[in-house]
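To start, the structure itself, in structure tokens.
Derivation of every value follows stated rules applied to the coordinates shown; laboratory data play no part. These numbers come from a predicted model, not from an experiment. All Cβ positions, glycine included, derive from the backbone under ideal geometry; neighbour counts span all protein chains shown.
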Amino acid sequence: MLDRDTLSQLVRIVGEGNVLTSEVSLATYMYDATLLYGRPDAVVFVQNAEEIAAILKLANAKKIPVTPRGAGMGLSGGTVPHRGGIVVVMTRMNRILEIDPINRVAVVEPGVTNMELQKAVAPYGMVYMPDPASQKVSTMGGNFGENAGGMRGIKYGVTKDHILGVELVLPTGDIVQIGGKWEPIAPELNLLALLIGSEGTLGIATKIIVRLTPHPPAIKTMLAVYNTLEEAGNSVSQIIAHGIIPATLELMDNKVIQAVEDWLHIGLPLEAGAVLLIEVDGFEAGLDRQAEKIIELCRANGAIDVKLARNAAERDNLWLARRTAIGAIARLRPSYDLEDATVPRTRLPEMLRRVAAIAEKYNVPIGMLAHAGDGNLHPLVLFDERDQEEMERVHKTRGEIFKAALDLGGTLSGEHGIGLAKLDFMPLAFTEVDLDFMRRERRAFDPNGVLNAGKFIPEA
Amino acid sequence: MEAKFIKELANLLGPEHVTEDPAVRRQAAVGGDYLPDVVVYPADGEEVARVVRLANEEGVAVIPWGAGLHARRGLLPYKGGIALRLTRLQKILEFDRDNQTAWVETGRSLSSLNEVFRTGRLFLPPDPLEGGDCTLGGCIAANAAGPRKLGYGTTKDYLLGLEIVSPTGEIVRTGGKTVKNVQDYDNTRFLAGSWGSLGVVTKAMVKLKPLPEKEVPLCLGFPRLEEACEAAFNMRQELGPVALELMDAVLMEALQESGHPLPVRGEACLLAAFAGFTEAVDWQVDQVRAKYGQAAEVVEAGEDEAATLWEARRQAWRAMGGEEGAILGSASLPFTATGKFVQEARSLFLSGQQKAALAAHFGNGHVHVFLKHPPSHYEAVGEVLGRLQDLAAGAGGLFLVENINDLAMVRRWVEGRGPALIPLLRRIKEALDPRRVLTPNSKVLAYVLDAAGATETAG
């Protein structure tokens, strides 16, 4: 519980209507997109950096935990206020402040959604390349905090490759500018690198400067169908070995195919072991040859069917299965857990095999999607949260998936972050020395440990 | 430095890997009379860690050193301490062609790494003007890049993970082997460009790119500077070159005199490179010829000429500096203001009869200014530099003098971005390097740790 003085100071900072403390309000901000919960003591809506600075100064003085929150779409518990305290909601800071297409930059507030930014820059022929699956709702602040990925990672990188600077409130409540629109030439440490993907532990971004990329002049989209996951995985490696870096290489397994077909009836073969959605982009000249080569390689690796979209409508059609995959498979059971263990690309077929074996071992259904080009697997673990016995099996399943990923030279998380959900597994990925290095950095930013404490880096 | 300490170093590494020879010490120094006390050659990360731990016990400075080609840009002259030469760290521990990655030690040179990577039809793109002898470690310390920065980015964009020796002498791993990886703070990129101030990078997992099917550099000579700027603007907008360099007539002339003539004439020239799939590159080159073939002299470089062209660009600094040196300024600008800045700077030099050359990474909005003036008489050109600062600031950009060790202006600029930044940077350094032994002379932290040290003059 917050004391009366703290509450009245919060009201003074953001105004009466912007501090919520009713049971219903608090319950509304207990969760994110995981199954984790934590009850805050107050929920505060902020409008600008100064308000956040004042809240953090107050929190430091009174040692109150603060949890920043965008749309609450996180997949690792990063916005769950597990230690109570204040939830700072950023969604009202939702203005696009500047779009400068010739200099290829835009400036947004953190509450703008990824999709709002995409729509705003599209008329200028520009794209903001990171496109997490949550883009319709997830905010740019959340994307920044988690270093969100997406479908175009292999060619265009992830959020960290497209953010040039931020205005940031440090955990100590000081406002600073980091990075900027133009070429960095001053002798400075690259603090921005540390901040992107810091899961709200090192500061709260209040303005974000992003890099825009001209829309590719031409795109070719293909869908290849395989009998086995193995063949699809081999095709991925072969395409890349031929010097072609597609913008997208999305893989879906049989379980996902069946779920999608069952829902949409779009003519996917129910017995197919895998489908691969492939997209190449670039200048028109030479793109046909790349597409032909890809089709040839897919066939040589066992594809039973390869479709090439001839127009925008056909392209949308090929994308439909991928776009609806999670919705389709989530229909099968009351709850699902979406993981993001990532392995070096060539280990993906092996990883898929291991996950299938784990699913069988614990008798837990798992559908598999993958950003195959960057080895980023999304196992969708399906279950009923109310069944205690089943939940224990789910828990063991997750643990084994993480161990398999690390064992194959991969990572606990490709794009969702550690947060609370994977905190217990951090000692598998890092030595105590590695962790201590990060703890020291964190203390330098947040000496009183107020911002998103107890997440991401396990406490000593 | 005490003999006893040198002996301990020799015990750690073997006496043949520890030297006090002044000639060797001079090779690992930034400036004139300021030399390290001893130069050591550890064999691997483990030995680096031992040296750093010993230095911590004694409170002795340790300065990592590769080929020394970038050092002047990022380090202040420093007297004493240990120069930690990483040139024995040469191993390629894994070259994974299929995943297009390599796990390598950082003492190896870029050109020697690329020789190996090319056997797998892959390459590591950074192409610093300091040349292929730069070590990977040096490139990481400097976050180096060259003309192809426009198309390929900087060194940090090719790092997936690192092994570092922390300032307290522990071996720390960052990142990993996958492009998507969010399980740690991104110390991989944070360490890039930190000039050895927060850790000694001993191994790196680098991400490689497929060699382009075709690369064509074009050299275009324009009768007027204004036309060159306009062409550069349009080329970046429409044709997507991987490099787009502008050089003015003063620089072209200096290159001619120093034996690196460019194949075109005019008031300015552009060096534009196109790389990628054959059909696309052919199309790009055709477009350039169709659009600028009338206004400009266009020369397409074959393989040998290409090397000569890039070599000429690399020689710009030496050609302008000569014996007495020159003052090197750097402006960072909105792309849209780059042409105007270049032209206004040119008029400024003309009206002030200042001998100065301009070279721009045009596509990145990054302009280099070479003032033919010995850096030791820096004050005499204060007015010109002030005008250039105003020009850049007026366009929303920044102008800094690079090779004068006066960091007071940088400090003011950083403070202007939030007074809390300096204490934050100090806390980071203190948290990771409590005894301040690692690279105490890095420019990135010198003005943070010691406001007075920020104005030390060049040796």
To the nearest 10 degrees, the tilt of helix B:421-432 (Cα long axis) against the first principal axis of the alpha carbons of chain B is 40
Once the dipole of segment B:1-119 is set up from charges on Cβ (+1 Lys and Arg, -1 Asp and Glu), the residue from the list B:A102, B:N11, B:L54 lying farthest towards its positive end is B:A102
Residues other than A:D3 with Cβ under 15 Å of its Cβ, Lys/Arg counted +1 and Asp/Glu -1, net out at +2
A correct Karplus calculation of ³J(HN,Hα) over segment A:401-406, with 6.51 cos²θ - 1.76 cosθ + 1.60, θ = phi - 60°, whole Hz and x for Gly and Pro, returns 5, 4, 4, 4, 4, 5
For the protein assembly as shown, whose charge dipole is built from +1 on Lys and Arg Cβ atoms and -1 on Asp and Glu Cβ atoms, the candidate among A:N103, B:P167, A:G153 with its Cα farthest towards the positive end is B:P167
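Taking GluC sites (Glu not before Pro) as exposed when DSSP calls them loop (any state but H, G, I, E, B) and at most 11 other Cβ atoms lie within 10 Å, what is the longest stretch of chain B free of them, the sites themselves excluded? Intermediate results must be reported in sequence, preceding the final value.
Details: sites that count: B:E2, B:E323, B:E324.
It works out to B:3-322.
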Going residue by residue through segment A:409-417, the Karplus relation 6.51 cos²θ - 1.76 cosθ + 1.60 with θ = phi - 60° gives ³J(HN,Hα) values, rounded to whole Hz and with x marking Gly or Pro, of x, x, 9, 4, 8, x, 8, 8, x
Between the Cα axis of helix B:45-58 and the main Cα principal axis of chain B, the angle (0 to 90°, nearest 10) is 60
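Going by C-beta contacts inside 10 Å, put B:H366, B:H70 in order with the fewest on the left.
The most exposed by this proxy come first: B:H70, B:H366.
What's the local net charge at A:P334, with K and R +1, D and E -1, over the other residues with C-beta under 11 Å away?
On the way: positive: A:R331, A:R333, A:R386; negative: A:D384, A:E385, A:D387, A:E390.
Result for the neighbourhood of A:P334: -1.
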With a 20 Å threshold on alpha-carbon distance, the violating pairs from A:K160/A:K403; A:K293/B:K214; B:K355/B:K443; A:K255/B:K180; A:K455/B:K156; B:K149/B:K214 are A:K160/A:K403; B:K355/B:K443; A:K255/B:K180; A:K455/B:K156
Computed ³J(HN,Hα) along segment A:145-153: with the Karplus parameters 6.51/-1.76/1.60, θ = phi - 60°, integer Hz and x for glycine or proline, the list is x, 9, 6, 4, x, x, 8, 10, x
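Give me a single rounded figure for B:356-365: the average over its residues of other chain Cβ atoms within 10 Å of their Cβ.
1
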So, over other residues within a Cβ distance under 10 Å of A:A224, counting Lys, Arg +1 and Asp, Glu -1, the net charge is 0
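Have a look at the DSSP beta bridges in segment B:3-85 and tell me what percent are antiparallel, nearest 5. Write out the running numbers ahead of the final one.
Working: 3 of 10 bridges.
Of all bridge pairs located within segment B:3-85, approximately 30 percent are antiparallel.
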Helix A:348-362 sits off the longest principal axis of the Cα atoms of chain A, rounded to the nearest 10 on a 0 to 90 degree scale, by 70
One finds the C-alpha centres of segment A:219-254 and segment B:71-112 to be spaced, in Å, by 35
Checked chain A with the C-alpha gyration tensor, a ≥ b ≥ c its square-rooted eigenvalues, rounded below a/c of 1.5, otherwise prolate if a/b is larger than b/c and oblate if not; verdict prolate
